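A.B. asks: Below are the structure tokens for one structure; questions will follow.
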Amino acid sequence: QRWPAARVPAVRVLPRVYPYADLPPVDPRAAGVPVGIAERDLRPVGVDLRGADPHLLVYGDGETGKSNLLRVILRGYLRRYPPQELGVVVVDYRRSLLGVVPEEDLLAYCPTADRTLAVAREVAASIAQRLPGPDVTPRQLRARDWWRGLEVLWVVDDYDLVATAGGNPLLPLVEYLPQGRDLGLHLVLARRTGGAARSLMDPVIQRLGDLATPGFLFSGDRMEGRLINGVASQRLPAGRALYATRGGVAQLVQVAWLPPD
């Protein structure tokens with residue numbers, strides 16, 4: 001009654017569905033690409049693979065939003081970088097990302113282990129040539145301009161099908177992951193939460209963990225343990241994830257919904 005013109009603002013909560021079209025357009029001057037909105041302030045949350053963290057992990061149970069997030073990331077980076085700057089390798093045994101990347105941007109599409117291993121060896125050999133030699137100056141190291149070529153973005157869906165007891169076709173890339181930012185190598189890896197605790201000894205997952213790689217934790221069993229930077233999964237609505245960054249900081253994010261074509 002005393003303050004009729006100053007009502008308490010309503011509590012703003014995350015929507016159940018946030019259309020991709022509602023995200024702000026990709027800004028070529030920005031650090032990353034938007035993928036959703038945060039619960040704290042309902043502002044866009046971005047993923048920056050060309051910054052301090054060149055890789056990304058994604059965990060979640062089936063039908064919780066992992067493949068949708070991969071589509072959102074791919075759409076953002078394909079809009080930001082032309083084919084002359086970015087090449088994409090898609091590892092997709094279930095064909096969930098088939099046709100998402102146009103031919104002009106696609107370095108390789110890998111639906112089998114043999115194809116994945118062949119491409120991984122070829123890319124690893126190419127990345128090895130980018131390692132700085134003794135003639136590289138400190139100025140070039142700071143500017144990262146001693147090599148020319150494409151930024152290579154690997155997007156792996158259903159990693160639990162890729163790394164099996166029979167072998168892991170991505171092993172040729174492991175030694176270059178720590179220098180991914182300098183060498184133009186980026187890995188976005190998604191897998192089911194079930195059995196994730198056993199996968200922590202996998203060489204690729206272990207190396208990404210050593211690098212404090214950030215990631216998204218969609219709905220999953222917290223009994224699998226602290227999977228990304230000390231953060232464990234929890235039960236969440238589909239499309240919603242904990243975005244765990246360095247230092248164990250996590251924020252709840254509603255990932256934008258981008259339906260498959």
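A.B. asks: When segment 166-221 is examined, which residues are found to be open to solvent by 30 Å² or more (accessible area, probe 1.4 Å), assigned to a helix (DSSP H, G or I) and closer than 20 Å to Val91 by Cα?
C.D. replies: The answer is Leu171, Pro172, Glu175, Pro203, Gln206, Arg207.
A.B. asks: Return the pairs, sorted by first residue and then second, in which the second residue is assigned to a strand (DSSP E or B), the first residue lies in segment 238-261 and is open to solvent by 70 Å² or more (accessible area, probe 1.4 Å), the beta carbons are less than 8 Å apart, and the residues are 6+ apart or on different chains.
C.D. replies: Trp257/Pro19
A.B. asks: Given (1) free of Cβ contacts under 8 Å to residues at least 60 places away in the same chain; (2) surrounded by 10 or more Cβ atoms within 10 Å (Cβ to Cβ), identify the lone condition not met by Arg7.
C.D. replies: Here Arg7 clears every test but (2).
A.B. asks: With the requirement that a residue be buried (at least 17 other Cβ atoms within 10 Å of the Cβ) and in a strand (DSSP E or B), what does segment 93-111 give you?
C.D. replies: Result: Leu107, Ala108, Tyr109, Cys110.
A.B. asks: So which residues in segment 54-92 are assigned to a loop (DSSP other than H, G, I, E, B) and open to solvent by less than 40 Å² (accessible area, probe 1.4 Å), if there are any at all? Walk me through how you get there before you give the answer.
C.D. replies: We begin by selecting, within segment 54-92, every residue assigned to a loop (DSSP other than H, G, I, E, B); these are 54-55, 61-65, 81-85.
Result: Pro54, His55, Asp61, Gly62, Thr64, Gly65, Tyr81.
A.B. asks: I'd like to check something: does segment 136-158 contain any residue that is part of a loop (DSSP other than H, G, I, E, B) and buried (at least 21 other Cβ atoms within 10 Å of the Cβ)? Outline the logic, then answer.
C.D. replies: So the first thing to find is which residues in segment 136-158 are part of a loop (DSSP other than H, G, I, E, B), and the list is 136-137, 144-150, 158.
Going one step further and asking which of them are buried (at least 21 other Cβ atoms within 10 Å of the Cβ), we end up with none.
Among the residues of segment 136-158, not one is part of a loop (DSSP other than H, G, I, E, B) and buried (at least 21 other Cβ atoms within 10 Å of the Cβ), which makes the answer no.
The values are calculated or read from the model by the stated rules, or taken from the named source; none is laboratory data. Nothing here was measured: the structure is a model prediction, and the numbers come from that model. Backbone-built Cβ (ideal geometry, glycine too); neighbour counts: all protein chains shown. All accessible areas refer to the heavy atoms of the entire protein, side chains included, with ligands and DNA or RNA removed. Shrake-Rupley method; radii C 1.70, N 1.55, O 1.52, S 1.80 Å.
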